[in-house]
1. Kindly put 50, 77, 17 in sequence by how many other C-beta atoms sit within 10 Å of each C-beta, fewest to most.
2. Label-point separation (nm) for residue 15 and residue 74, each offset 7 Å from Cα along Cα-to-Cβ?
3. Give the relative contact order (percent, whole number) for segment 10-108; include only Cα pairs under 8 Å separated by 6+ residues.
4. Given charges of +1 on the Cβ of Lys and Arg and -1 on the Cβ of Asp and Glu, with all other atoms neutral, how large is the dipole of the chain about its Cα centre, in debye to the nearest 20?
5. Relative to the present Cα-Cα distance, how much length would full extension add between residue 86 and residue 103 at 0.36 nm per residue of separation?
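Any read-out appearing in this document is the output of simple, stated calculations on the displayed coordinates, not a laboratory observation. Since the model is a prediction, treat every value here as computed from it, not as a measurement. Reconstructed Cβ throughout: ideal geometry from the backbone, glycine too, with neighbour counts over all protein chains shown.
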Amino acid sequence: MPILKSNARESDHELYSGLIRLHVLHHAAEEPIFGLGMMEELARHGYKISAGTLYPLLARLEAKGYLRSTEERNGKSRRKLYRATAQGRKALTAARSKVRELFHELMEGE
């Protein structure tokens, strides 16, 4: 099941799924996020993710305790907002260290 559509080959999509989750968690730690806004943010970085893929991803991150959602009402419309939990922030801090280490290894030969 492809997570994103980009210039990358179809078989590479699985490699990017973890990056997308980290991207979502990063933004949810900075400020409340919502599905459409996150889809637009990811698209700015070249990740074309559908609502049918993103919303289950958000639900899984919430079920694992990384995100917490609340519902915001604006007139007749409702929007689900997601924020990183303490557990999500802790996981993001640990991931930063791993990503930094990987980045240095990947760029060493450049």
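1. 77, 50, 17
2. Using points 7 Å along Cα→Cβ, the separation is 3.7 nm.
3. Numbers: 87 pairs, mean separation 27.9, N = 99.
Dividing the mean separation by the residue count of segment 10-108 yields 28 percent.
4. Values: 19 positive and 14 negative charges, 137 e Å.
Magnitude of the dipole: close to 660 debye.
5. On the way: separation 17, 0.36 × 17 = 6.12 nm, distance 2.54 nm.
Using 0.36 nm per residue and subtracting the Cα-Cα distance, I get 3.6 nm.
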